[in-house]
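Please read the structure below before turning to the comments.
The values are calculated or read from the model by the stated rules, or taken from the named source; none is laboratory data. For clarity, every value in this text was computed on a predicted model and none was experimentally measured. Here the Cβ positions follow ideal geometry from the backbone for every residue, glycine too, while neighbour counts run over all protein chains shown.
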Amino acid sequence: MARTKQHTGFEIEVEGEAYVWRLHRQAQWSSDVAGWRGMALAVRHAEGQREAVLEFPAAAPRYGAPQLQASQIAPALVKTAIASAIAAGWEPLSRGKTVTIVVDAAGG
């Protein structure tokens, strides 16, 4: 029997609406962009299906440091990033493909 990969999400409220988010990608080296790529969060409305992937800029790598866990990400950063995605035109209750939105280090 094959194991299914479970994506546990964290619930957060932004502007009175409930959203579910998870850590989509750790910061990592990428040969595509010839450099480091920052972490990415996958976000969707609690009642919707359409996801947005919020990409943060790459920070300087910390060699030997433990990997970032989703529970260590500040809720204020996630709220700011979700609000920025909505301001950029993401419609969380609409249908369609996953949208990728690049935000700054502060989530704006």
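Values for this structure:
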{"item": "Selected residue (criterion: surrounded by the fewest Cβ atoms within 10 Å (Cβ to Cβ)) from residues of region 32-82 that are more than 16 Å from the chain's Cα centre (by Cα) and outside any loop (DSSP other than H, G, I, E, B)", "result": "G35"}
{"item": "Set A87, A42: member being in contact with a His (Cβ under 6 Å, 6 or more places away or on another chain), modelled with pLDDT of 90 or more and among the small types (G, A, S)", "result": "A42"}
{"item": "Pair list, Cβ under 7 Å, 6 or more apart: region 15-32 residue within 20 Å of V99 (Cα to Cα), other residue modelled with pLDDT of 90 or more and surrounded by fewer than 14 Cβ atoms within 10 Å (Cβ to Cβ)", "result": "A18/E11; A18/A46; Y19/A46; V20/E11; V20/A46"}
